[in-house]
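> Okay, handing you the structure first.
Each reported figure results from applying straightforward, stated rules to the coordinates on display, with no laboratory input. Note that the structure is a prediction, hence the values are computed from the model and not measured. Cβ placement follows ideal geometry from the backbone for every residue including glycine, while neighbour counts extend to all protein chains displayed.
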Ligand code: NAD
Ligand code: DAU
């Protein structure tokens with residue numbers, strides 16, 4: 001039986017990874033380790049929380065004493081590491097928190113894994129989940145490959161780049177069995193509404209202004225979160241130690257075009273007249289250091305391991321909108337309390 005610690009399992013992507021592993025591998029023992037920050041929510045996992053192969057442990061990856069004791073007690077075979085501070089705007093306000101969680105937290109886990117596995121290579125794995133933002137910003141053309149040089153611009157991407165370097169250093173220096181994947185923008189259910197797509201859905205639904213940074217010309221490459229979870233599953237099981245894979249959907253959208261599409265979908269679903277939701281679009285002050293364009297070349301993942309996205313963006317976006325409309329309680333719950341304060345600070349005077 002494999003025992004796997006999944007960090008950040010109560011977050012957006014982590015909850016999809018936990019669900020997939022708990023359901024697809026009944027003979028694995030899955031431990032969800034999460035601090036439950038503002039972004040962590042156990043309601044994301046209600047449907048699997050009583051499964052016999054699943055356990056939740058509340059804890060902070062930055063707490064090295066706690067983490068090393070956890071590894072001694074649990075003796076895990078593998079780690080899938082998703083816990084992070086993940087929102088670029090918050091990293092601009094509070095970079096140190098990103099260094100602590102994303103850099104120190106990752107090194108804390110790497111150290112505990114190294115001590116626990118004591119050079120045992122076979123049957124162990126440290127899988128680090130990272131982002132395409134480490135590669136920086138593209139111009140009008142080109143794509144990120146696994147060979148693209150790192151060039152992070154935001155405190156968030158700088159902290160993720162740093163954590164990737166530490167993971168590689170533990171492979172090169174100590175022979176830890178590591179794998180890294182760098183994925184493009186995810187979307188889907190349980191996405192916290194500080195991020196563009198769920199924020200826009202929530203605001204359109206409530207007839208509130210939809211804030212578009214700058215002129216809305218920035219391009220992101222969107223991937224359905226369940227396709228990301230499936231890629232992580234494939235890479236976890238099949239990748240060679242020390243390798244890196246890019247994950248992406250070949251699905252580039254200018255922010256303004258994406259928001260207009262969402263407005264059209266919601267006009268229809270909410271029974272509004274055509275063009276009504278688009279009146280909510282409001283151009284606001286741009287994000288500092290805003291990367292112009294991301295695009296992932298996932299050819300290596302396709303050729304080596306046979307992964308490709310399973311659904312089109314139109315299908316995925318419709319599923320996502322339907323999920324948010326059907327899960328009003330979840331949305332109301334996560335947007336009450338602290339969220340209001342965050343929202344006011346982030347968007348007032350922009
Ligand atoms: P998220 O913000 O939704 O969730 C992060 C989770 O980590 C939360 O459950 C939070 O409680 C937990 N966490 C934070 N600090 C912690 C700590 N100190 N100890 C333990 N748990 C802690 O993030 P997400 O969007 O699901 O992203 C997950 C991972 O995937 C991150 O590493 C992120 O960099 C990476 N990633 C995200 C995207 C994306 O589009 N969202 C794309 C590529 C890569
Ligand atoms: O590329 C992968 C990354 O994608 C992940 O590593 C990050 O964790 C994840 O948050 C995401 O980062 P982005 O900054 O691309 O995502 P976000 O949803 O914050 O913004 C998407 C685009 O929309 C970006 O160009 C900024 C813009 N935007 C965002 C918000 C929140 C707006 O125009 N208005 C907004 O209110």
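> For the chain, compute Rg over Rh where Rg is the Cα radius of gyration and Rh is the Kirkwood radius from the inverse mean 1/r over Cα pairs.
Details: Rg = 19.7 Å, Rh = 20.7 Å.
Checking Rg against Rh, the ratio lands at 0.95.
> Something else about it: Under the classification rounded if a/c is under 1.5, otherwise prolate if a/b is larger than b/c and oblate if not, where does the range 1-92 fall, given a ≥ b ≥ c as square roots of the Cα gyration tensor eigenvalues?
Oblate shape, in that a/c is at least 1.5 and b/c is the bigger or equal ratio.
> Return 143, 100 ranked ascending by Cβ neighbour count within 10 Å, so the fewest neighbours appear first.
100, 143
> Could I ask something else about it? Just 106, 173, 243 to compare: in a GNM of the chain, with alpha carbon springs under 10 Å, which one fluctuates most?
173
> Quick check on the exposure proxy: order 151, 297, 132 from fewest to most C-beta atoms within 10 angstrom.
In increasing order of surrounding Cβ atoms, one gets 151, 297, 132.
> What's the center-to-center distance, using Cα atoms, between the range 262-297 and the range 1-54 in Å?
32
> On to the next question. Which peptide among 228-235, 110-117 comes first, and what is the full order, when sorted by highest mean count of other Cβ atoms within 10 Å? Intermediate values should be presented prior to the final figure.
Working: 228-235: 21.8, 110-117: 19.6.
Packing order, densest peptide first, comes out as 228-235, 110-117.
> Top mean-square fluctuation among 133, 315, 49, Gaussian network model of the chain, C-alpha springs under 10 Å?
315
> Shape call for the range 237-319 from the C-alpha gyration tensor, a ≥ b ≥ c root eigenvalues: rounded (a/c under 1.5), prolate (a/b greater than b/c) or oblate?
oblate
> Quick one: if you stick a label point 7 Å off each Cα along the C-beta vector at residue 237 and residue 73, how many nm between them?
Between residue 237 and residue 73, the label points sit 3.0 nm apart.
> When ranked by the protection proxy of mean other Cβ atoms within 10 Å per residue, highest first, what sequence do the peptides 339-346, 178-185 form?
Per-residue mean Cβ counts within 10 Å order the peptides as 178-185, 339-346.
> Turning to a different aspect of this structure: At 222 nm, what helix-only mean residue ellipticity would the chain give, in deg cm²/dmol to the nearest 500, using -39500 (n - 2.57) for each DSSP H run of four or more? Please list the in-between numbers first.
Working: 13 runs with 144 residues, N = 350.
Helix contribution divided over all residues of the chain: -12500 deg cm²/dmol.
> Still on this model: Quick one: of the DSSP bridges fully inside the chain, what percent are antiparallel, nearest 5?
If we restrict to bridges inside the chain, about 10 percent are antiparallel.
> What's the extension gain from residue 270 to residue 66 if we count 0.36 nm per residue and subtract their Cα-Cα distance?
Details: separation 204, 0.36 × 204 = 73.44 nm, distance 4.81 nm.
Extending this stretch completely gives an extra 68.6 nm.
> Taking the number of other C-beta atoms within 10 Å as the exposure measure, put 120, 293 in order starting with the fewest.
So the ranking, lowest neighbour count to highest, is 120, 293.
> Does the range 89-160 come out rounded, prolate or oblate by the C-alpha gyration tensor, with a ≥ b ≥ c the root eigenvalues, rounded set by a/c under 1.5 and, if not, prolate when a/b is larger than b/c and oblate if not?
Here the range 89-160 falls in the oblate category.
> Where in the range 182-224 is the amide nitrogen less than 14 Å from a point lying 7 Å along the Cα-to-Cβ axis of residue 279?
Output list for this probe position: 207-210.
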